[in-house]
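See below for the structure under consideration.
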Amino acid sequence: MLPVLDEEIARHRIARRVAMEFQDGDVVNLGIGIPTLVSDYIPENIRVIFQTENGVVGAGPKPEKEDLRFIGAGGRCLKPILGGALVASDMSFGLIRGGHLDATVLGALEVDQEGNLANWWIPGKMVPGMGGAMDLVTGAKHVIVATTHCTKKGDPKILPKCTLPLTGAKVVSLVVTEYCVLRMVSGEMVLEEIAPGVDLGEFKKVTPANYKVSDDLCQMKGCELE
Amino acid sequence: MPTSVIKPVMSAEEAVKRITDGSSVMIGGFNYGGIPYTLVDALVDAGTKDLWLISNDTAYDDVGHGRLVVNGQIKKVTASHVGLNKSTQRLFNEKKLELELVPQGTFVERIRAGGFGLGGVLTPTGVGTVHEEGKQVIEVEGKRYILELPLRADVALIRAYRADRYGNLVYFGTNRNFNPAMATAADLVIAEVDAILEIGQIDPNDVVTPGILVDILVLKGDSYYASRT
């Protein structure tokens with residue numbers, strides 16, 4: 001059995017680890033859900049510029065007084081930072097598709113060993129639409145998937161091949177779950193970090209994708225801070 | 001002064017009478033930001049039917065143009081995301097609504113193509129996914145792109161911050177989103193604004209949408225979201 005984690009602890013563990021990926025000056029788009037939490041964990045010695053696809057470059061925290069004329073993509077009020085910019089959707093997606101984003105952090109329904117990502121449609125059930133996700137995974141330099149390791153029902157999400165319609169083909173750079181960090185290296189999925197108390201044999205049972213275990217496998221960074 | 005360049009100011013009720021059954025209608029907005037609420041509410045009251053709604057999303061069941069969907073006035077939706085409106089998803093699953101989902105960056109580029117006289121755009125977005133199916137894929141310098149076709153509408157309902165009497169528009173906050181692009185891509189453009197100023201009160205340097213694109217001006221009303229966005 002893998003360690004059973006409280007959902008909140010799992011979500012924050014993932015967010016904290018993702019935040020360690022950024023470099024000073026990076027421009028980053030955060031998706032809805034776990035990715036939103038990432039902004040709480042940016043190391044103090046670096047500055048990251050958050051972009052929201054509805055038109056903010058330099059999104060700041062939630063203001064004390066709500067002003068519905070400034071919102072993020074999820075609809076929450078925000079305050080643009082001093083030195084930020086407000087742009088229209090064509091510019092916003094020009095930035096996204098044009099390679100001006102260092103990273104995008106998104107959730108996943110499924111991700112696979114080839115770096116394919118599915119997160120926008122469950123045929124016959126849920127049809128929310130792709131929103132900006134297809135553009136983000138196409139244009140951002142790094143596509144970071146921040147997701148719980150399994151679905152709420154306990155089904156694996158990290159598969160040999162995605163079964164759901166793709167958001168992007170061979171686009172994923174990194175997968176962070178509450179149990180591990182998997183990095184795509186030259187088209188191959190590599191297990192680089194594993195959370196404390198996770199047995200590799202048990203881990204394999206909930207991770208059907210083919211992955212290589214890194215020679216430098218280490219404990220998942222940030223877990224020591226919990 | 002020639003009066004033809006002075007844009008008519010109308011009530012929302014009067015303005016939406018220009019929209020006929022079966023029209024294609026672009027509506028600005030992202031989530032609850034930048035929606036021309038007063039015009040949309042008037043269109044709900046008018047009950048105009050069989051509309052093709054072209055908007056980034058379908059807002060919420062009881063907010064903005066989500067109400068047009070709930071009210072059965074929409075026969076087709078072209079959008080990038082409808083996850084916030086349960087009625088859109090339900091009506092689509094019941095086959096009572098045609099739904100065309102488009103990646104958001106592609107959505108705005110198609111509108112731009114429609115408004116800027118382009119025959120389409122080539123985008124890498126969606127290559128290798130179901131979005132590619134049925135579309136022409138063109139290879140340029142070894143990279144594959146989907147040819148996306150222009151999108152235009154009979155009418156665009158847009159939201160801006162302030163207008164002058166010529167219809168020049170400036171925007172505020174995250175209410176800008178798709179509104180400037182839509183202002184270029186419809187035969188009739190109706191802009192809902194917070195205030196209508198005299199000529200000269202908007203510096204030409206600040207104008208985002210030139211007034212020549214705008215046909216009718218409507219002052220925003222005092223509904224919950226109209227007054228707060």
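The values are calculated or read from the model by the stated rules, or taken from the named source; none is laboratory data. Predicted model only: the values in this text are computed from it and were never measured. Cβ atoms come from the backbone with ideal geometry, glycine included; neighbour counts cover every protein chain shown. What goes into the accessible areas is simple: the full protein's heavy atoms, side chains included, and nothing from ligands, DNA or RNA. Shrake-Rupley method; radii C 1.70, N 1.55, O 1.52, S 1.80 Å.
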Any residue in segment B:197-205 that is of a type in the set (A, V, I, L, M, F, W, C), within 11 Å of chain A (Cβ to nearest Cβ) and under 29 Å from A:G72 (Cβ atoms)? no
If you take the residues in segment B:120-150 that are part of a loop (DSSP other than H, G, I, E, B) and away from chain A (no Cβ under 11 Å), which one is least open to solvent (accessible area, probe 1.4 Å)? B:G120
When B:I111 is run through (1) at pLDDT below 95; (2) under 18 Å from A:M91 (Cα atoms), the failure sits at (1)
Across (1) more than 25 Å from B:P124 (Cα to Cα); (2) touching a residue at least 40 places away in the same chain (Cβ under 8 Å), A:R47 clears everything bar (2)
Within the set of pairs 6 or more residues apart or between chains, which connect a residue that is assigned to a loop (DSSP other than H, G, I, E, B) inside segment A:187-206 to a residue that is open to solvent by 70 Å² or more (accessible area, probe 1.4 Å) and of a type outside the set (S, T, Y) with Cβ atoms less than 8 Å apart? A:G187/A:E114; A:G187/A:K170; A:A195/A:Q219; A:P196/A:Q219
Given the options B:T184, B:T174, name the one that is under 22 Å from the mean Cα position of the chain (by Cα), outside any loop (DSSP other than H, G, I, E, B) and of a type in the set (S, T, Y). B:T174
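Residue by residue, here is whether (1) buried (at least 24 other Cβ atoms within 10 Å of the Cβ); (2) free of Cβ contacts under 8 Å to residues at least 60 places away in the same chain holds:
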{"site": "B:S23", "(1), (2)": "no, no"}
{"site": "B:G29", "(1), (2)": "yes, no"}
{"site": "B:I35", "(1), (2)": "yes, no"}
{"site": "B:A46", "(1), (2)": "no, yes"}
{"site": "B:K49", "(1), (2)": "no, yes"}
{"site": "B:Q73", "(1), (2)": "no, yes"}
{"site": "B:H81", "(1), (2)": "yes, yes"}
{"site": "B:R90", "(1), (2)": "no, yes"}
Which one of the conditions (1) within 11 Å of chain A (Cβ to nearest Cβ); (2) closer than 23 Å to A:A73 by Cβ; (3) at pLDDT 95 or above does B:Q89 fail to meet, given that it meets all the rest? (3)
Scope segment A:70-86; condition open to solvent by 20 Å² or more (accessible area, probe 1.4 Å), more than 8 Å from chain B (Cβ to nearest Cβ) and on the phi < 0 side of the Ramachandran plot; matching residues: A:R76, A:K79, A:P80, A:I81, A:L82, A:G84, A:A85
Looking only at segment B:170-196, filter to residues that are more than 22 Å from A:G84 (Cα to Cα) and out of contact with any helix residue (DSSP H, G or I) (no Cβ under 7 Å at 6 or more places or on another chain); which one of those is farthest from the other protein chains (Cβ to nearest Cβ)? B:D187
Consider A:L5 carefully, then state whether it is out of contact with any Ser or Thr (no Cβ under 7 Å at 6 or more places or on another chain) and at pLDDT below 95. yes
Condition test on A:V181, is it under 15 Å from A:G33 (Cβ atoms) and in a strand (DSSP E or B)? no
Somewhere in segment B:157-169, is a residue within 14 Å of chain A (Cβ to nearest Cβ) and in contact (Cβ under 8 Å) with a residue 60 or more places away in the chain? yes
In segment A:172-220, which residues are touching a helix residue (DSSP H, G or I) at 6+ places or on another chain (Cβ under 9 Å), surrounded by 14 or more Cβ atoms within 10 Å (Cβ to Cβ) and farther than 17 Å from A:L159 by Cβ? A:E178, A:V181, A:E193, A:I194, A:A195, A:L217, A:M220
Filtered residue count, segment A:120-151, keeping only those that are surrounded by 24 or more Cβ atoms within 10 Å (Cβ to Cβ) and facing another protein chain (nearest Cβ under 7 Å): 7
Among the numbered conditions (1) hydrophobic (A, V, I, L, M, F, W, C); (2) within 14 Å of another protein chain (Cβ to nearest Cβ); (3) open to solvent by 40 Å² or more (accessible area, probe 1.4 Å), tell me where A:L164 comes up short. (3)
Criterion: open to solvent by 10 Å² or more (accessible area, probe 1.4 Å), in contact with a strand residue (DSSP E or B) (Cβ under 6 Å, 6 or more places away or on another chain) and acidic (D, E) - qualifying residue of B:D222, B:D203, B:D215: B:D215
Scan segment A:51-69 residue by residue and report those that are facing chain B (nearest Cβ under 7 Å) and either open to solvent by less than 50 Å² (accessible area, probe 1.4 Å) or more than 18 Å from B:A226 (Cα to Cα) (or both). A:E53, A:N54, A:G55, A:V56, A:L68
Picking from A:G115, A:G154, A:G99, A:G107, the residue that is open to solvent by 10 Å² or more (accessible area, probe 1.4 Å), more than 8 Å from every other protein chain (Cβ to nearest Cβ), touching a residue at least 60 places away in the same chain (Cβ under 8 Å) and not hydrophobic (A, V, I, L, M, F, W, C) would be A:G107
Quick one: which helices (runs of 4 or more DSSP H) lie wholly within segment A:1-112 and hold at least 2 residues that are within 12 Å of the chain's Cα centre (by Cα) and aliphatic (A, V, I, L, M)? A:7-19, A:34-37
